[in-house]
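Colleague: Pasting a structure below so you can have a look.
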Amino acid sequence: MRIVSRLAAAVLLAGGAVAGAAEAPHLLKLAVFPFELEDVSASAGAIPPDDIDREQLRLSTEEARRLIAESGRYQLVEVGAVSDQTAKAGKLRDCEGCDARIAAGLDADQSMIGIVTRISRTEYAVTYKVRDVRSGAIVGSGQTDLRMGANVAWSRGARWLIQNRLLER
């Protein structure tokens, strides 16, 4: 009798494990490219981006990737080895969706670019765009404005967007 009840328990556990595996959601593979700076301020031609700007872009990218990974809804695709010159130059925002083509080459389902637009030295907008790699269509986007802030607020803007726009969908 003990053997029968142990066998029945094992069958139930195995059946539950198979059912649980079948119900596991498919994680979208998302290629999150580094955030880019678009400077449209009056000083854009006179004051080039500096190390502080680059560090704040890096921190914004890290914050976005961390939140996305922790959400359990996406599987991040490594983009560090991308050899595309537009991506290396930080100009994906200007290439009319080439980020989707690059992400498709990385076996991703979607691509995401983040853009910090400097309007003045105290006004910024943080934007993200997510594209489907097969169609190139934008499937998600969001923007938040930072007024009377500094570039140290860029990651805060990225965090707010990811938490309140991307992950709310």
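Colleague: Which one is modelled with the lowest pLDDT among residues in the range 138-169 that are aliphatic (A, V, I, L, M) and either over 13 Å from residue 113 (Cα atoms) or out of contact with any strand residue (DSSP E or B) (no Cβ under 8 Å at 6 or more places or on another chain) (or both)? It would help to see each step written out before you state the result.
Modeller: Step one: list which residues in the range 138-169 are aliphatic (A, V, I, L, M), which gives 138-139, 146, 148, 150, 152-153, 158, 161-162, 166-167.
Imposing the further condition that a residue be either over 13 Å from residue 113 (Cα atoms) or out of contact with any strand residue (DSSP E or B) (no Cβ under 8 Å at 6 or more places or on another chain) (or both) reduces the set to 146, 148, 150, 152-153, 167.
Details: 146: 87, 148: 74, 150: 77, 152: 84, 153: 89, 167: 95.
Across the range 138-169, the extreme among qualifying residues is 148.
Colleague: Give just the number: which of (1) open to solvent by 20 Å² or more (accessible area, probe 1.4 Å); (2) within 18 Å of residue 138 (Cα to Cα) does residue 115 not satisfy?
Modeller: (1)
Colleague: Within the range 118-146, which residues are in a loop (DSSP other than H, G, I, E, B) and either buried (at least 21 other Cβ atoms within 10 Å of the Cβ) or in contact (Cβ under 8 Å) with a residue 40 or more places away in the chain (or both)? Even if it seems obvious, please write down each step before you answer.
Modeller: Here is the first cut: in the range 118-146, the residues in a loop (DSSP other than H, G, I, E, B) are 119-122, 133-137.
Passing the criteria: 119, 120, 121, 133.
Colleague: Quick check, is residue 137 over 20 Å from residue 154 (Cα atoms) and small (Gly, Ala, Ser)? Please lay out each step first, then the result.
Modeller: Working: over 20 Å from residue 154 (Cα atoms): yes; small (Gly, Ala, Ser): yes.
Answer is yes for this residue.
Colleague: If residue 154 meets every condition in (1) over 16 Å from residue 32 (Cα atoms); (2) open to solvent by 40 Å² or more (accessible area, probe 1.4 Å); (3) within 15 Å of the chain's Cα centre (by Cα) apart from one, which number is that one?
Modeller: The number of the failed condition is (2).
Colleague: Please enumerate the residues belonging to the range 26-84 that are in a helix (DSSP H, G or I), open to solvent by 50 Å² or more (accessible area, probe 1.4 Å) and of a type in the set (Val, Ile, Thr).
Modeller: 52
The values are calculated or read from the model by the stated rules, or taken from the named source; none is laboratory data. No experiment lies behind these values; they were computed from the predicted model shown. Using ideal geometry, Cβ is built from the backbone for each residue, glycine included, and neighbour counts are taken over all protein chains shown. Calculation scope for accessible area: heavy atoms of the full protein, side chains included, ligands and nucleic acids excluded. Shrake-Rupley method; radii C 1.70, N 1.55, O 1.52, S 1.80 Å.
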